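Participant: One structure, pasted below without further comment.
Computed from the coordinates by the stated procedures, all read-outs in this text should not be read as laboratory data. If you're wondering where the values come from, they're calculated on a predicted model, not measured in any experiment. With ideal geometry, Cβ positions are generated from the backbone for all residues, glycine too; neighbour counts draw on all protein chains shown.
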Amino acid sequence: QEIARQDAGVRKSVIESTVIHDPRPLHPQRFYQLYRERLGVGLFRSKGFIWFASRPGQCLLWNQAGGAMGLEFVSTWRTHVLQNDTRLLAEERSYLQRQLDAQHPLFGDRSCELTLIGHARDLEVFGRELMDCFCTPEEVSHWQNGGFFPDPWPANLKVMG
């Protein structure tokens, strides 16, 4: 009984947040598996803007709370518009190019920025696992060459607006 009394009591759980920022695309299959397999392991909330190697033009809003996940189309990355929209006027191209000049040389304005909130002890582990979801240098080269990436996410996403 004395042992039970010593173990009883209020235990503090430290809740923290961290921001993951990376210009590389996420590998859609690894990101999907991470969230399917690891939700409920100390991660309460995650939210932010992402892009998948399989969807280089789509700026996506990621939203997770508890076991609920949401992925919404927000806009098209400027870099993608500049590279693919043949209807742009010369002035529009010049304007977009000036906006992108200070951006990442390969990815342009594309990047992933996710805020994670959860138990401090689990957040670090989840953060490392999330970093493994970003494309490797070999996968980035594959992406640059128009390679295929398996994408289990719904093809038709809700449009913000």
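Participant: Select from Gln33, Asn156, Thr79 the residue farthest towards the positive end of the dipole of the chain; place +1 on Cβ of Lys and Arg, -1 on Cβ of Asp and Glu, and compute about the Cα centre.
Facilitator: Projecting each Cα onto the dipole axis, the largest value belongs to Asn156.
Participant: Can you compute the radius of gyration and Dmax for the stretch 69-161, using only the Cα atoms, both in Å?
Facilitator: That works out to 16.8, 53 Å for Rg and Dmax.
Participant: Of all DSSP beta bridges located in the chain, what percent are antiparallel, nearest 5?
Facilitator: Taking every DSSP beta bridge within the chain, about 90 percent pair in antiparallel fashion.
Participant: Using Rg and Dmax of the Cα atoms in Å as the read-out, say which of (i) 19.7, 81; (ii) 22.3, 77; (iii) 19.2, 55 was calculated from these coordinates.
Facilitator: (i)
Participant: Determine ³J(HN,Hα), in whole Hz, for all residues of the stretch 83-90 in sequence, where each value follows from phi through the Karplus function 6.51 cos²θ - 1.76 cosθ + 1.60 and θ = phi - 60°; x replaces Gly and Pro.
Facilitator: In residue order, the calculated couplings are 7, 10, 8, 7, 8, 5, 6, 4 Hz.
Participant: At 222 nm, what value in deg cm²/dmol follows for the chain if DSSP H runs of at least 4 each add -39500 (n - 2.57) and the sum is divided by all its residues, to the nearest 500?
Facilitator: Details: 6 runs with 55 residues, N = 161.
Theoretical 222 nm ellipticity from helices: -9500 deg cm²/dmol.
Participant: So, with +1 on the Cβ of K and R and -1 on the Cβ of D and E, and no other charges, what is the size of the charge dipole of the stretch 9-161 about its Cα centre, to the nearest 20 debye?
Facilitator: The calculation lands at about 420 debye.
Participant: Here's another thing I want to ask about it. Pull out a ≥ b ≥ c, the square roots of the eigenvalues of the alpha-carbon gyration tensor of the stretch 113-161, then state rounded if a/c is under 1.5, prolate if not and a/b is larger than b/c, and oblate in the remaining case.
Facilitator: Because a/c hits 1.5 or more and a/b fails to exceed b/c, the stretch 113-161 counts as oblate.
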